[in-house]
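A short worksheet on the structure shown next.
The values are calculated or read from the model by the stated rules, or taken from the named source; none is laboratory data. Remember, predicted model here, so these are calculated numbers, not experimental data. Methodologically, a virtual Cβ is constructed for each residue, glycine included, from the backbone with ideal geometry; neighbour enumeration extends over all protein chains shown.
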């Protein structure tokens, strides 16, 4: 069972990415996704190696967003692919033992990813979100429930997630949630702790 799914965000970070990662893990996050859009490959490699070490300390999964080259170079546990990233079948050939997640925004994408061998889905956006400007129209709690009822792999709900929404997300079958704007900031650890506790409460 996944813990809270934490995604890094340099724009929102106040204490630095590595501190955010450590604080999130200390607070109960089970997976760290290293999402980085602005650094050079060299800097991503260096930072990714540090995140790898921190995740090992806490026995947590370390996933790299989009960049399968960085995932492989930093010995990540897996990679998370968007619809415009490396095709799932090619990623699987390159990282046969990795945890591979795929972002989906509708039933067609979700079924294709599940049938294609994804280990989990990142379904987004569930609600309106300010973190990803090109996220598209929210699928809503009903759309999320339809996907979880159709696929047989874990689903992580993303997009506009607040503490108050965790209950209904888990009730329709999602395995975990990711909440970037609601966690990353001056009190990342405190925020993640609240989400981790909320997940435990409703997943029983």
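Restricting the search to the stretch 26-41, which residues are out of contact with any strand residue (DSSP E or B) (no Cβ under 8 Å at 6 or more places or on another chain), under 24 Å from residue 92 (Cα atoms) and at pLDDT 95 or above? 41, the sole residue that qualifies.
Reported count of residues in the stretch 145-175, each being buried (at least 17 other Cβ atoms within 10 Å of the Cβ), within 25 Å of residue 9 (Cβ to Cβ) and more than 16 Å from the chain's Cα centre (by Cα), is 2.
Selection of the stretch 31-41 for residues being in a strand (DSSP E or B) and touching a helix residue (DSSP H, G or I) at 6+ places or on another chain (Cβ under 8 Å) yields 32, 34. Is the stretch 31-40 home to any residue that is under 23 Å from residue 158 (Cα atoms) and in contact (Cβ under 8 Å) with a residue 60 or more places away in the chain? Yes, the stretch 31-40 contains at least one residue that is under 23 Å from residue 158 (Cα atoms) and in contact (Cβ under 8 Å) with a residue 60 or more places away in the chain. In the stretch 53-76, the residue that is farthest from the chain's Cα centre (by Cα) out of those that are farther than 17 Å from residue 3 by Cα, touching a residue at least 24 places away in the same chain (Cβ under 8 Å) and assigned to a helix (DSSP H, G or I) is 73. Residues that are in contact with a helix residue (DSSP H, G or I) (Cβ under 8 Å, 6 or more places away or on another chain), within 22 Å of residue 177 (Cβ to Cβ), in a loop (DSSP other than H, G, I, E, B) and at pLDDT 95 or above do not occur anywhere in the stretch 43-52. The single condition among (1) buried (at least 18 other Cβ atoms within 10 Å of the Cβ); (2) modelled with pLDDT of 95 or more; (3) closer than 29 Å to residue 163 by Cα; (4) in contact with a strand residue (DSSP E or B) (Cβ under 7 Å, 6 or more places away or on another chain) that residue 71 does not meet is (3). Taken over the stretch 82-97, residues that are part of a loop (DSSP other than H, G, I, E, B) and either modelled with pLDDT under 95 or under 20 Å from residue 7 (Cβ atoms) (or both) amount to 6. When 113, 178 are screened for being buried (at least 18 other Cβ atoms within 10 Å of the Cβ), more than 20 Å from residue 62 (Cα to Cα), within 17 Å of the chain's Cα centre (by Cα) and at pLDDT 95 or above, only 113 passes.
Take the conditions (1) without any contact (Cβ under 8 Å) to a residue 40 or more places away in the chain; (2) part of a helix (DSSP H, G or I); residue 79 misses just one of them, which is (2). Residues considered: 23, 69. Of these, the only one that is touching a helix residue (DSSP H, G or I) at 6+ places or on another chain (Cβ under 9 Å) and closer than 23 Å to residue 88 by Cα is 69.
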